[in-house]
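The values are calculated or read from the model by the stated rules, or taken from the named source; none is laboratory data. Quantities reported herein were computed from a predicted structural model and do not represent experimental measurements. Glycine gets a Cβ as well: all are built from the backbone with ideal geometry, and neighbour counts include every protein chain shown. Surface accessibility is based on the protein's heavy atoms, side chains included, excluding ligands, DNA and RNA. Shrake-Rupley method; radii C 1.70, N 1.55, O 1.52, S 1.80 Å.
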Amino acid sequence: MPRKSNRKKKKSVRWPYYVLATVTLLAIGVFLAYKKLNPTWYNINKNKYPITGIDVSKHTGRIDWEKVREQQVHFAYIKATEGVNYLDPKYKVNYQGAKASGLKTGAYHFFRFNKPGKEQAENFLKHAHLEKEDLPPVIDVEDWGNKHHKKTPAQISEEIKTFIEIVEKRTGREVVIYTNESSYNSYIADHFDSSLIWICTFRKEPLLEPDRWIFWQHSHDTRLEGVEGWVDWNTFNGNEEAWRFFAQQTL
């Protein structure tokens with residue numbers, strides 16, 4: 001009887017190790033899958049693309065903008081609004097901090113497919129600060145976060161068009177469209193031929209024609225000193241002279 005009891009005890013002690021090993025393997029698998037889907041390209045040709053920027057939201061956490069500026073960052077886009085009534089709670093402090101540090105600053109709106117473009121434009125214009133020296137406004141168009149809707153791609157494109165027309169008329173600035181490759185093909189291609197594109201792609205170079213894109217987002221998980229969370233890493237399509245020309249365009 002005592003020996004039988006000891007064997008049971010040894011077996012019961014082992015199971016936590018099996019659970020820990022299983023959890024560890026799952027965590028490694030998830031991490032590797034994430035890195036495959038979200039690689040960070042550090043081999044950007046800085047002779048060709050010397051201008052770098054970030055985009056942030058409340059999820060980025062606390063940001064020391066002076067430290068950000070010291071790390072070869074030239075511009076920052078700040079999330080302002082989403083849908084018809086959402087204001088990012090960190091928008092004001094991030095916008096003011098980025099501008100005070102001397103970074104070229106802009107604002108973006110996350111577009112909700114299940115909401116009217118007109119009402120979303122009004123929400124953005126109500127809250128976003130667009131001073132004459134700021135970068136052009138941006139509309140963020142992507143399937144991520146937009147799964148629950150019943151609209152066709154054509155209907156979504158029309159709502160995006162409405163948003164852009166209202167914002168451009170009220171601000172006098174061309175709206176840049178942020179999107180990824182799949183969303184570009186679904187909602188943007190063949191509908192917005194004259195719009196500048198901010199493309200998210202994890203290739204070594206965007207597939208779009210060189211004169212079609214203005215910004216290229218190639219990482220979602222960049223770490224910067226002075227920033228609590230991850231930042232999205234972006235490259236401007238042009239040299240320093242092209243950047244100065246683009247950045248000097250005003251309202």
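Shown for region 149-251: the carbon plus sulfur share of the solvent-accessible area, taken with all protein chains present and a 1.4 angstrom probe, equals 47%.
Each of 94, 154, 105 was placed along the dipole of region 51-179 (beta-carbon charges, centred on the mean Cα), and the one lying farthest toward the positive end is 94. Accessible surface for region 62-128, divided over its residues, is 44 Å² per residue with a 1.4 Å probe. Here the gap between residue 241 and residue 155, fully extended at 0.36 nm per residue and compared with their Cα-Cα distance, gives a gain of 27.0 nm. Each label point was placed 7 Å from the Cα along the Cα-to-Cβ direction; for residue 168 and residue 225 their separation is 4.3 nm. Along region 82-94 the Karplus relation, 6.51 cos²θ - 1.76 cosθ + 1.60 evaluated at θ = phi - 60°, assigns HN-Hα couplings of 8, x, 9, 8, 8, 10, 4, x, 9, 4, 4, 5, 5 Hz to successive residues, with x for each Gly and Pro.
Excluding residue 128 itself, calculate the net charge of residues whose Cβ lies under 12 Å from the Cβ of residue 128, where each Lys or Arg counts +1 and each Asp or Glu counts -1.
Values: positive: 79, 92, 126, 170, 173; negative: 82, 88, 122, 131, 134.
It works out to a net charge of 0.
Taking only the Cα atoms of region 93-251, the ratio Rg/Rh comes out at 0.94, with Rh defined as the Kirkwood radius. Neighbours of residue 84 by Cβ distance under 11 Å: Lys/Arg scored +1, Asp/Glu scored -1, total +1. From the Cα gyration tensor of region 175-247, with a ≥ b ≥ c the square roots of its eigenvalues, which class applies: rounded if a/c is under 1.5, or else prolate if a/b is larger than b/c, or else oblate? Cα axes put region 175-247 in the oblate bin.
About its Cα centre, region 184-251 has a charge dipole of approximately 60 debye under the convention of +1 per Lys or Arg Cβ and -1 per Asp or Glu Cβ, with nothing else charged. Checked against a 30 Å cut-off, the cross-linked pairs 79/169; 104/151; 48/90; 46/104; 67/118; 92/151 give Cα-Cα distances beyond that limit for 104/151; 48/90; 67/118; 92/151. Distant-in-sequence amide contacts of residue 77, defined by a placed amide H-H separation under 5 Å and a gap of 5 or more residues or a different chain, comprise 54, 55, 56, 106. Note down the net charge around residue 205, summing +1 for each Lys or Arg and -1 for each Asp or Glu among other residues with Cβ under 13 Å from its Cβ. Net local charge, residue 205 excluded: +2.
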